[in-house]
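The values are calculated or read from the model by the stated rules, or taken from the named source; none is laboratory data. Treat the numbers as computed from the prediction; the structure is a model and nothing was measured. Every residue, glycine among them, receives a Cβ derived from its backbone with ideal geometry; neighbour counts consider all protein chains shown.
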Amino acid sequence: MHIAAASTMKHFFLIIFFFCFFFFQEPQAGPIHPHQLTHPLDPLTKQEITLIRTIVLKKYPTKTYTVHFHYVGLDDPEKSQVLKWVFSGTPTPRNAFVIAMINTETHEIIINLRSSNILSDKIHNGNGFPTLTVEEQTEAIALPLSYEPFINSVKKRGLNISEVVCSSFTVGWYGETKSRSRVLRIECFMKSGSDVNIYVRPINGIIILANIDEMKIVEYNDRSMEPVPKAENTEYRASHMKPPFGPKLHSFATHQPQGPGFKIQGHTVSWANWKFHIGYDFRAGLIISTASIYDVEEELQKPRPVLYRGFISELFVPYQDPTEEWYYKTFFDAGEFGFGQSMVSLEPMHDCPPHAHFLDVYGTIMWRHTETGIPNQEIRESRSDVSLIVRMVVTVGNYDNVIDWEFKTSGSIKPAITLSGMLEIKAVEFKHKDEIKKDQHGTLVFENSIGVYHDHYYIYHLDLDVDGVDNSFLKTNLKTVKVTDKSSKRKSYWTIETETARTESEAMIRLGTSPSELAVVNQNKKTSTGNHAGYRLVPALPVHSLLTEDDYPQVRGAFTNYNVWVTPYNRTQKWAGGLYVDQSRGEDTLAVWTQQNRDIENKDIVMWYVVGIHHVPCQEDFPIMPSLSTGFELRPTNFFERNPVLKTLSPNYVEWPKCTKP
Ligand SMILES: *[C@@H]1O[C@H](CO)[C@@H](O)[C@H](O)[C@H]1NC(C)=O
Ligand SMILES: *[C@@H]1O[C@H](CO)[C@@H](O)[C@H](O)[C@H]1NC(C)=O
Ligand SMILES: [Cu+2]
């Protein structure tokens, strides 16, 4: 999550895959309009990206200017325009939003892709810098390898410079009031022979600061010499391991004789009763849009809107070691490193069920083709669990994040996060816990290796439009009622009290303090028995930041002050940590926007939800961490008249074809 990988070539991928069962009834997909092949929220195409580059370089020729693209993405049309398109095919504008550093200035450029015109070109003068590019990180991490003082430090430690691999780290903000240049810290690691698990073998005690506009090392301090942890037992590739292997697993197969059961037109997926759009963004990665569900009971058989847009807006990873080498490690993986930029491919054959579908996406600023693959970690075989999963895998340095959006025929959407990968290790002199006399801010997971305490906070942007754009946010508290008047033999029971949040401040929720249910409902739409159609948030285990609100990383990551926030829809308020996150000062976060305390009742609203993991490393996380999952559910609540899968027939039983080895 935090290290810009040393390798220069990365593949992006996006997967949709479907489990082994199939709907007996074909989905009511409705007539296909020609306009459905393109969608206003389609990610930029390769041709469009090339066009953008041409237009920008025409205005700023490289003979005269240095031009670096830090973000290239779709400038989303207004929701009203997208919905007009959904209902009647009315075309929407097709604009691109570009953040480019031209000489040393940060430009925000909007380009009309139909007319090839620059619509606006503004210079960003505030604090914070754009997302880093892979190229500048690649250049920066090569700097120490030819820097004399570093070469000497490596020699002094008896290490071999040709086995050194470096990574770049954002520096954060610690109350500086003057503007600072774009700098990165660089830390280096040891490869060892064929062992590639570099993240567990840091060279500690050296502080390197590089100015990435001038591309040179501007600060160097060799402070202390801790031993580099050993390479033994850090291998994770089966091909490089020796027996015994185990535990032994039996082979398995998936089979869908009638095909995959979903249709893809352009970027729009229809499966069972669902229809939604899959987008890609350099910063957010996977974006689910205009998700709607067909209701078998509804006479008109029209799709009912549920989720206008859903994506991970930011990912905040503060480490909890306050020492000089570590205090600054408080990373924002989307805003600083580009969550989408860091999408990777998995081993296709290893992880793929046969009926998966692959989507190509184009890495925005890197102009690279992207790869797709299909992981298959769970096979579910019961009728109620037939689901479609859209999955992306993001590797930012040492951590792998598997991001899933699971759609269920029951109307639920279940976003999930699975973490794996390598811990970030601090090298120490200790080989046994008994030698440790003061807080080392982590667990001794191997000799000389501390896995440092940290958190993973993912904030989801969930623009629910339940049966229309105007929705309200309801908090239903469960309350104990004491029976004091002897009207019952019971002394207590519980009941509910429902509050509608009128303004943003009433919708800032810390979960887990008292039993409650949170829902986004449409107060203009009632079921036949008079309940408001809604979707409930079934949260993951609640997690709260333990930093003080005035601590600098917490000011920047203030969107973790609460678990749930609700804001009125604003097309440009997409990034909970701000548009410019590198060295940001917390001036453009969700916590600042909501200070306006805007009205949110019966309005077009967006729910923001923070899913978190406090990570106290343990020995099982070493040398590579077994997957750890968390997730939540958006679940229909009085949205349908009754159980929507009541009439769903079981898939046909299929004889497994007798397979013979070719
Ligand atoms: C340094 O490492 C390289 C690459 O692994 C190896 O070829 C070389 O022999 C090593 N040199 C020494 C002095 O160990
Ligand atoms: C929408 O968000 C932008 C960026 O935060 C802000 O400048 C603008 O005032 C907001 N618009 C409204 C109507 O609140
Ligand atoms: Cu972790």
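Filtering segment 80-128 to residues that are among the β-branched types (Val, Ile, Thr) and within 28 Å of residue 332 (Cα to Cα) leaves 98, 99, 102, 104, 106, 109, 110, 111, 123. Once segment 555-573 is narrowed to residues that are part of a loop (DSSP other than H, G, I, E, B) and more than 14 Å from ligand 2 (Cβ to nearest atom), the residue that is surrounded by the most Cβ atoms within 10 Å (Cβ to Cβ) is 557.
Evaluated against (1) out of contact with any Leu (no Cβ under 9 Å at 6 or more places or on another chain); (2) modelled with pLDDT of 95 or more; (3) assigned to a loop (DSSP other than H, G, I, E, B); (4) crowded, with 19+ Cβ neighbours inside 10 Å, residue 440 falls short on exactly one condition, (4). Note on segment 587-609: residues that are more than 22 Å from residue 542 (Cα to Cα), more than 9 Å from ligand 2 (Cβ to nearest atom) and in contact (Cβ under 8 Å) with a residue 40 or more places away in the chain amount to 9.
Considering only residues that are within 26 Å of the chain's Cα centre (by Cα) and among the hydroxyl-bearing types (Ser, Thr, Tyr), look in segment 160-176 and name the one that is farthest from ligand 2 (Cβ to nearest atom). Checking each candidate, the answer is 167. The set of residues in segment 177-191 that are under 29 Å from the mean Cα position of the chain (by Cα) and away from ligand 1 (no atom under 16 Å from the Cβ) comprises 180, 181, 182, 183, 184, 185, 186, 187. The residues listed here are 621, 551; of these, the one that is surrounded by fewer than 22 Cβ atoms within 10 Å (Cβ to Cβ), in contact (Cβ under 8 Å) with a residue 12 or more places away in the chain and either within 16 Å of ligand 2 (Cβ to nearest atom) or over 25 Å from residue 82 (Cβ atoms) (or both) is 621.
Just to be sure before I move on: is residue 147 more than 23 Å from residue 67 (Cα to Cα) and within 16 Å of ligand 3 (Cβ to nearest atom) in the structure I sent? Break it down into steps so the answer makes sense when it comes.
Working: more than 23 Å from residue 67 (Cα to Cα): yes; within 16 Å of ligand 3 (Cβ to nearest atom): no.
Against the criterion (more than 23 Å from residue 67 (Cα to Cα) and within 16 Å of ligand 3 (Cβ to nearest atom)), residue 147 does not qualify.
Scanning segment 574-598 for residues that are part of a loop (DSSP other than H, G, I, E, B), surrounded by fewer than 18 Cβ atoms within 10 Å (Cβ to Cβ) and on the phi < 0 side of the Ramachandran plot returns 587, 598. Looking only at segment 189-216, how many residues end up being of a type outside the set (A, V, I, L, M) and touching a Phe, Trp or Tyr at 6+ places or on another chain (Cβ under 8 Å)? Counting residues in segment 189-216 that are of a type outside the set (A, V, I, L, M) and touching a Phe, Trp or Tyr at 6+ places or on another chain (Cβ under 8 Å) gives 5.
Say we look at segment 158-174 and pick out the residues that are assigned to a loop (DSSP other than H, G, I, E, B) and at pLDDT below 95; which of these is farthest from residue 221 (Cα to Cα)? I'd like the intermediate steps shown before the answer.
Residues of segment 158-174 assigned to a loop (DSSP other than H, G, I, E, B): 158-160, 171-174.
Filter once more, keeping what is at pLDDT below 95: 158-160.
Working: 158: 18, 159: 18, 160: 19 Å.
Per the criteria, the residue is 160.
State which residue is surrounded by the most Cβ atoms within 10 Å (Cβ to Cβ) when the search covers only segment 179-198 and only residues that are in a strand (DSSP E or B) and among the β-branched types (Val, Ile, Thr).
Going through segment 179-198, the residues in a strand (DSSP E or B) turn out to be 183-190, 192, 195.
Filter once more, keeping what is among the β-branched types (Val, Ile, Thr): 183, 186.
Values: 183: 20, 186: 25.
The selected residue is 186.
Condition (residue is charged (D, E, K, R), away from ligand 1 (no atom under 16 Å from the Cβ) and closer than 30 Å to residue 132 by Cα) applied to segment 588-595: is it met by at least one residue? Full working, then the answer.
Of the residues in segment 588-595, the ones charged (D, E, K, R) are 588.
Pick out the ones that are also away from ligand 1 (no atom under 16 Å from the Cβ) and you get 588.
Subsequent filtering for residues that are closer than 30 Å to residue 132 by Cα retains 588.
Yes, segment 588-595 contains a residue that is charged (D, E, K, R), away from ligand 1 (no atom under 16 Å from the Cβ) and closer than 30 Å to residue 132 by Cα.
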